[in-house]
Structures are given as C-alpha cells and as structure tokens.
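Note sheet for the following structure.
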Amino acid sequence: MDLFLQHLADGLSLGFAYALIGLGFSLVFGTLKFLNFAHSGLLMLSAFVGWAIADEGHGNFFLVLAVSMCVGAVLATVLERALIRPVVGRSFTAPFITTLGASLIMLAVAKSVWNTEPKAFSVPFAEGSLDIGPVRVTAIQWLINGVTVVVMLLLAYLIQRTRLGLMVRAAAENTDMAKAMGVNTGRIASLTMAISGALAGISGTLLAASLGAVSVFAGDIYGLKGMVAMIVGGIGSLRGAVIAGVAIGLGEVMVSAYISSTWRDFFAFGLLIAVLLWRPAGLFGSREDRFVPVAV
C-alpha cells in the first residue's frame, strides 16, 4: 500500500507538469483557433535558459523560474507578432505550418548551441522533501503541484472575473464582432501568446529541475504529452487540460510500476485514441464551446 501511495504522489506531480503544458496549448487554441506547435520549442528554450542561469551559480531557483517565464513570454510574443499575425486569415493551415517551422528552427538552434547531450540541472533544494507519512514528496514535486494549482486559479479568475478576460472570451467567440465592439484583438492575441509562453517557461524549467536534466528533445517529448492533455480534456477547456494532464501522469507512472515502462507512452496515446473515438470534442469539450476557453 505504501508503494502504491508513493506512485500516486509521483504520478500526481508528473500529471501537474503535463497539465501546465496542456494549459498553454489550450489557451492559444481556444482563443486564437490554431495549434501552436512552437509551444514545445518555447518550453525547451526556456528550460535551457533556466539551466544556464542555475549553472552560473545563482542559487535562487525562484529567480531562475521567473527568468524562464519571462523568456518564454517574450519569445512567444515575438513569434506572434513576427510570424503568426502576418499569416492569420490567409488559410486555416498557415498558422499551424508556421509554428511547426518555428519549432524546427528552435530545435536546430538549440542543437547547434548545446548539442544533443542532456545537461545536468541541479537546484539547491533538489534533495529536500516534505514527507506525508510513508510517502516521500520532494520539494520540486511540491513546487510543481503548488504552481499548477495557483496558475489554474489565476487563469480562472483572469478569464471569468476580469474585463480583460471578457475581451479574451469575446475574441475567442467571434473575432469580427469583438473588433466591432472596440476590442483590440491584436493586443489580445499578443497577450494570449505571452501567457502561453510564460506557462511554457514555467513548465519546462520545473520539469528539468524535477528530472535533474535538460535536453534539446525535452520539448518534443513533454510538449507532445501536453498536447495530448489538451485534446483529451477538450480543446479550449482549461479545466479539462488540467484533469487530463493529471490523469495521463498518474496512468503513466502506474503503468510503468505495475506493467512495464515500455508501455508508458502507450497509455497516453491509447487514451487519446479512445477519447477521440468515444467523444471527439474531448472530455469537457462540446460542439458549441470547444474553441472558447471559458470552461475552467
């Protein structure tokens, strides 16, 4: 029983990390109506920035996390203004292809700068833990869990309780009508991308610190799991992305522990296929609101 509870704690932490990534994907898709393939690249580059700062001897991990978050937000904003905005409206697939190309460029740059060897990512309190009975919960795991809960609550408040959130929902529902009502949809698009990029920076750095290493392929591996969380939870549903991310993390850890680690990825993608066959809009999506990030 103690071992099961330990796996449960580990799976919950991994699931919250997936949920953070899924939130970034879902926010952009729900508001701007395209799948941001560059999110994985932003996650990876932000994690490397965090690693570089930590490697220089700056012991304050919260400073590392803040810088990574800012880097992700700035890169995402530049991406939206320079590459995405010029192609939006030309065709449905143009933003998808553009962000995919941007992701490949970021991967190539990262390989040329840091090569493909994983880099050790150590933080001062990595060995610390706050146990719950027989269950060992590390400081990084507590941090991942706490950050995810705080981010989810802040996003829920921003979207549902503020004037800015009202404008985001209006732009997501009908861009032309929102423009006619005086909403600056360009600014809303930049803000949405900035928040998504900040989430990529946070999740990438937390994952790297949790795993003790950062790699140029981290974005591909974990970004894909975040994308699965978004789709399974329901496109545009922030609550769904969190619940699906947690479910995927728990499932992967349990499958690895009780069946085989070779079946770890099968769980996530098997769940994706099953949900799409049973409920194509996702667990919390619907035909009417699957593109609108209001179901928090």
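The values are calculated or read from the model by the stated rules, or taken from the named source; none is laboratory data. Keep in mind that this is a model prediction, so the values were computed, not measured. With ideal geometry, Cβ positions are generated from the backbone for all residues, glycine too; neighbour counts draw on all protein chains shown. To get the accessible areas, we keep the full protein, side chains included, count just its heavy atoms, and leave off ligands, DNA and RNA. Shrake-Rupley method; radii C 1.70, N 1.55, O 1.52, S 1.80 Å.
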SER210 - would you say it is within 26 Å of GLN6 (Cβ to Cβ) and out of contact with any Ser or Thr (no Cβ under 9 Å at 6 or more places or on another chain)?
no
If you scan the range 123-157, which residues turn out to be within 18 Å of ALA194 (Cα to Cα) and in contact (Cβ under 8 Å) with a residue 12 or more places away in the chain?
VAL147, THR148, VAL151, MET152, LEU155, ALA156
The residue from PHE29, PHE62, PHE34, PHE25 that alone is open to solvent by 10 Å² or more (accessible area, probe 1.4 Å), among the aromatic types (Phe, Trp, Tyr) and in contact (Cβ under 8 Å) with a residue 24 or more places away in the chain is PHE29
Tell me yes or no: at least one residue of the range 187-201 is open to solvent by 40 Å² or more (accessible area, probe 1.4 Å) and farther than 19 Å from GLU80 by Cβ.
no
Among the candidates VAL113, VAL151, VAL109, VAL135, residue that is closer than 17 Å to GLY204 by Cβ and either open to solvent by less than 70 Å² (accessible area, probe 1.4 Å) or in contact with a Lys or Arg (Cβ under 8 Å, 6 or more places away or on another chain) (or both):
VAL151
Using beta carbons and a limit of 6 Å, which pairs, at least six apart or on different chains, have the first residue in the range 270-296 and open to solvent by 40 Å² or more (accessible area, probe 1.4 Å) and at pLDDT 50 or above and the second one not in a helix (DSSP H, G or I) and not basic (Lys, Arg)?
LEU283/GLY234; PHE284/GLY234; PHE284/SER237; PHE284/ALA295
Just to be sure I understand, how many residues within the range 47-91 are hydroxyl-bearing (Ser, Thr, Tyr) and in a helix (DSSP H, G or I)?
2
Does the range 47-92 hold any residues that are over 23 Å from MET106 (Cα atoms) and among the hydroxyl-bearing types (Ser, Thr, Tyr), and which are they?
SER91
Mind checking which residues of the range 217-232 are open to solvent by less than 40 Å² (accessible area, probe 1.4 Å) and touching a Pro at 6+ places or on another chain (Cβ under 9 Å)?
ALA218
For the range 228-239, how many residues are modelled with pLDDT of 90 or more, closer than 13 Å to PHE284 by Cβ and touching a Phe, Trp or Tyr at 6+ places or on another chain (Cβ under 8 Å)?
3
